[in-house]
1. How big is the dipole moment of the chain about its Cα centre under a simple scheme where the beta carbon of each Lys and Arg is +1, that of each Asp and Glu is -1, and everything else is neutral? Debye, nearest 20, please.
2. Within a Cβ distance under 9 Å of LEU224, other residues only, what is the Lys/Arg minus Asp/Glu net charge?
3. Which one of THR193, GLY215, VAL60 has its Cα pushed farthest toward the positive end of the charge dipole of the chain, where Lys and Arg give +1 and Asp and Glu give -1 at the Cβ?
4. So if we plug the beta-carbon distance of HIS45 and SER112 into 1/(1 + (r/R0)^6) with R0 = 22 Å, what FRET efficiency do we get, rounded to 0.05?
5. Can you give the local net charge around VAL161? Use residues other than it whose beta-carbon is closer than 9 angstrom to its beta-carbon, Lys and Arg +1, Asp and Glu -1.
6. With +1 on the Cβ of every Lys and Arg and -1 on the Cβ of every Asp and Glu, and nothing else charged, how large is the dipole of the range 133-223 about its Cα centre, in debye rounded to the nearest 20?
7. Only Lys, Arg, Asp and Glu count, each charged at its Cβ (+1, +1, -1, -1), so figure out the dipole size of the range 1-54 about its Cα centre, rounded to 20 debye.
8. Determine the equivalent ellipsoid of the chain by diagonalising the alpha-carbon gyration tensor, then write out the semi-axes as square roots of 5 times the eigenvalues, largest first, rounded to whole Å.
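Here, each number is a calculation from the coordinates, and none is a lab measurement. In this text the structure is predicted, and so the values were computed from the model without any measurement. Positions of Cβ are generated from backbone atoms using ideal geometry, with glycine treated the same way; all protein chains shown enter the neighbour counts.
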Amino acid sequence: MYLSRVPVNPLSHAFRRDYSDVHDMHRTLMARFPEAPQDVPAREHQRLLWRLEGQGRELVMYVQSREHPNWGSLPEGYLGGRALVRSLQPVLSAVTDKAEFSFRLTANPTRSVLPPPNGQKRPRGTRRPIHDPELQVQWLIRQGERHGFALLESSTGDPDVVALPRHPVVGYKEAPPNGSGRSRLKITVSSVTFDGRLRVTDPEAFRAALQSGIGRAKAYGCGLLSLAPARRVG
């Protein structure tokens, strides 16, 4: 596994196209890797996760992948500096039982909303974004139960995490063909960035989450969990 730090040029026409359409961004990133084996979804094979950080002229893309990327093949002018690639193995090796880390996660917290029953088969729920910060933290706590970590407490006894909302992003992909021809389906992704501290409770499950991501919309800039040495409190 590899983690790349990719400075991008916000004045690049190709980057601005991708910035306005996360589906194009996904395609641009996937094109930096060898083709996946037949009958294997490309993103899942590559375990591609990414997150865009910064503002104005200081934008950086963090990209995690199974194979080493070829950032030199990006369109001319796309890079805003030298791309750095390092192995993720030291991070994975540091994951032990009860290990503590500071973390950052941009995620797409959602809940399932059921339509009114129609008296026949059980209705299927629709995913809706969670906007309330307290409910977003509760969503993250549930993810920790599934993925082998628990949020540490702050000096006040509350979960030591901050949830910062991000502007929704959009993308467009081909919709299934119908009688009137092909059309484009709009995708809107609401996300939040969590900054906080955690403790590992299940190293195997946590390493799997590090490699595969957390939550939905992983192709569209969500799910990448980044770790650093745990900061002290007090």
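1. Using only the charged Cβ atoms, the result is roughly 540 debye.
2. Details: positive: ARG51, ARG104, LYS218; negative: none.
Surrounding charge for LEU224 is +3.
3. Farthest along the dipole direction, towards plus: GLY215.
4. On the way: r = 28 Å, r/R0 = 1.27.
With a Förster radius of 22 Å, E is 0.20.
5. Numbers: positive: ARG197; negative: ASP158, ASP160, ASP195.
Here the charged neighbours net out to -2.
6. 660
7. 200
8. 29, 26, 18
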